[in-house]
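Novice: Quick one: structure below, then a few questions.
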Amino acid sequence: MSQTVSYLYAEHREYVSDKWASYLPVYDRWFASYQDAPIHLLEVGVQNGGSLQIWAKYFVNAKRIIGCDINPKCAQLEFDDPRVALVLGDVKAAAVREQVLAHTEVYDIIIDDGSHKNADIIKTFKHFYARLAPGGIYVVEDLHCSYWAKWHGGLWRSDSAMEFFKSLTDVVNLESWGAKLLPANWVAKLKTKHHSRFKPADYADIESICFYNSMCLIVKGHGPNSIGGRVVAGDVALVHAALPKPGSAMPVPFQKKTFKKLKLKN
Ligand SMILES: C[S@@+](CC[C@H](N)C(=O)[O-])C[C@H]1O[C@@H](n2cnc3c(N)ncnc32)[C@H](O)[C@@H]1O
């Protein structure tokens with residue numbers, strides 16, 4: 001019988017893993033539908049290696065469970081499970097990313113539990129969101145560091161990880177911005193300090209973003225996020241008779257101010 005993440009953490013006796021208590025039920029809720037799937041998982045930040053062992057127990061049919069850590073001491077870690085492998089080095093280095101991607105070109109689950117420095121979180125997301133499979137989940141842990149100066153964060157600090165992910169919530173609603181003909185290569189003047197050439201179109205397939213205490217989960221959809229056609233059910237309309245055409249698209253009104261704010265030219 002499948003075990004929950006919470007149960008596996010409570011029972012775990014091998015290499016140590018260190019996570020906050022509130023994360024475990026979040027993982028139980030979000031990972032349940034992947035538990036039996038042949039997934040590829042990447043965790044940035046391995047430390048003592050326990051989380052990789054637990055993911056291997058939890059995702060019974062996982063194909064690969066890859067951990068990446070900058071600490072050379074992680075080379076001592078040995079895993080009996082052949083599905084688990086380590087990549088040693090700074091996840092921000094192109095050569096290290098190449099090694100991570102040599103195991104598989106796309107990952108179904110990516111967990112960033114690395115340095116927690118705000119710039120690193122954003123840069124890692126920039127590089128790896130593109131390698132998240134459609135339907136996959138990208139998790140950022142320990143976002144409390146986004147508020148702390150030691151990690152180059154602070155409340156509402158424009159270059160913090162939280163402000164970056166908050167700005168992505170607007171991208172979920174990209175089709176409603178009302179700035180017609182937004183070019184795919186348009187580079188946003190959003191929180192770009194740690195994300196060179198932030199193109200909203202690169203994230204147009206984000207299906208949802210969910211924030212929990214210190215966590216952010218980003219789900220990639222299977223294509224550009226769309227509100228879909230109008231669903232009109234029922235035969236009797238006593239209050240509002242002017243019904244929209246079933247299946248019709250959302251008529252997005254042109255937003256002149258937004259258009260100007262984005263500095264787009266006619
Ligand atoms: C919080 S620990 C990871 C804990 C582990 N995921 C667990 O659940 O037990 C953070 C790890 O990230 C690693 N790390 C820090 N910066 C990194 C970077 N730039 N690239 C890869 N790993 C990094 C550190 O060496 C450290 O072992």
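The values are calculated or read from the model by the stated rules, or taken from the named source; none is laboratory data. On a predicted model such as this, the values are computed, not experimentally measured, just so you know. Heads up, the Cβs are rebuilt from the backbone with ideal geometry, glycines too, and the neighbour counts pull from every protein chain shown.
Novice: Given the residues GLY114, GLY153, which is the only one that is part of a loop (DSSP other than H, G, I, E, B), within 16 Å of the ligand (Cβ to nearest atom) and farther than 30 Å from ILE39 by Cβ?
Specialist: Only one candidate passes the filter, namely GLY153.
Novice: What about LYS199, is it basic (Lys, Arg) and in contact with a Phe, Trp or Tyr (Cβ under 7 Å, 6 or more places away or on another chain)?
Specialist: Spelling it out, LYS199 is indeed basic (Lys, Arg) and in contact with a Phe, Trp or Tyr (Cβ under 7 Å, 6 or more places away or on another chain).
Novice: Among residues belonging to segment 209-223 that are of a type outside the set (A, V, I, L, M, F, W, C) and touching a Ser or Thr at 6+ places or on another chain (Cβ under 9 Å), point out the one that is surrounded by the most Cβ atoms within 10 Å (Cβ to Cβ).
Specialist: Kept after step one, since they are of a type outside the set (A, V, I, L, M, F, W, C), are these residues of segment 209-223: 212-214, 220-223.
Adding the requirement that they be touching a Ser or Thr at 6+ places or on another chain (Cβ under 9 Å) leaves 212-214, 221.
Numbers: TYR212: 16, ASN213: 10, SER214: 19, GLY221: 16.
That would be SER214.
Novice: While we're looking at this one, here's another question. Any idea which residue in segment 192-204 is modelled with the lowest pLDDT, counting only those that are more than 13 Å from ASP159 (Cβ to Cβ) and buried (at least 20 other Cβ atoms within 10 Å of the Cβ)? Walk me through it before giving the result.
Specialist: First, the residues of segment 192-204 that are more than 13 Å from ASP159 (Cβ to Cβ): 197, 199-204.
Subsequent filtering for residues that are buried (at least 20 other Cβ atoms within 10 Å of the Cβ) retains 200, 203.
Details: PRO200: 87, TYR203: 94.
Checked segment 192-204; the qualifying residue modelled with the lowest pLDDT is PRO200.
Novice: Of the numbered conditions (1) among the small types (Gly, Ala, Ser); (2) surrounded by fewer than 21 Cβ atoms within 10 Å (Cβ to Cβ); (3) part of a loop (DSSP other than H, G, I, E, B), ALA85 fails exactly one; give the number of that condition.
Specialist: Tallying (1) among the small types (Gly, Ala, Ser); (2) surrounded by fewer than 21 Cβ atoms within 10 Å (Cβ to Cβ); (3) part of a loop (DSSP other than H, G, I, E, B), ALA85 fails exactly one: (3).
Novice: Something else about it: Would you mind finding the one in VAL60, VAL26, VAL84 that is more than 12 Å from the ligand (Cβ to nearest atom), in contact with a Gly (Cβ under 8 Å, 6 or more places away or on another chain) and either hydrophobic (A, V, I, L, M, F, W, C) or closer than 18 Å to ASP142 by Cα (or both)?
Specialist: VAL84
Novice: Looking only at residues that are more than 23 Å from THR124 (Cα to Cα) and among the aliphatic types (A, V, I, L, M) in segment 29-43, which one is farthest from the ligand (Cβ to nearest atom)?
Specialist: ALA37
Novice: Please count how many residues of segment 224-240 are surrounded by 10 or more Cβ atoms within 10 Å (Cβ to Cβ) and either under 17 Å from PRO134 (Cα atoms) or touching a Gly at 6+ places or on another chain (Cβ under 9 Å) (or both).
Specialist: 6
Novice: With the structure loaded, tell me whether VAL46 is outside any helix (DSSP H, G or I), touching a residue at least 24 places away in the same chain (Cβ under 8 Å) and within 14 Å of the ligand (Cβ to nearest atom) or whether it fails that test.
Specialist: The answer is yes for VAL46.
Novice: Quick one: is VAL91 assigned to a loop (DSSP other than H, G, I, E, B), away from the ligand (no atom under 14 Å from the Cβ), of a type in the set (Val, Ile, Thr) and closer than 23 Å to PRO134 by Cβ?
Specialist: no
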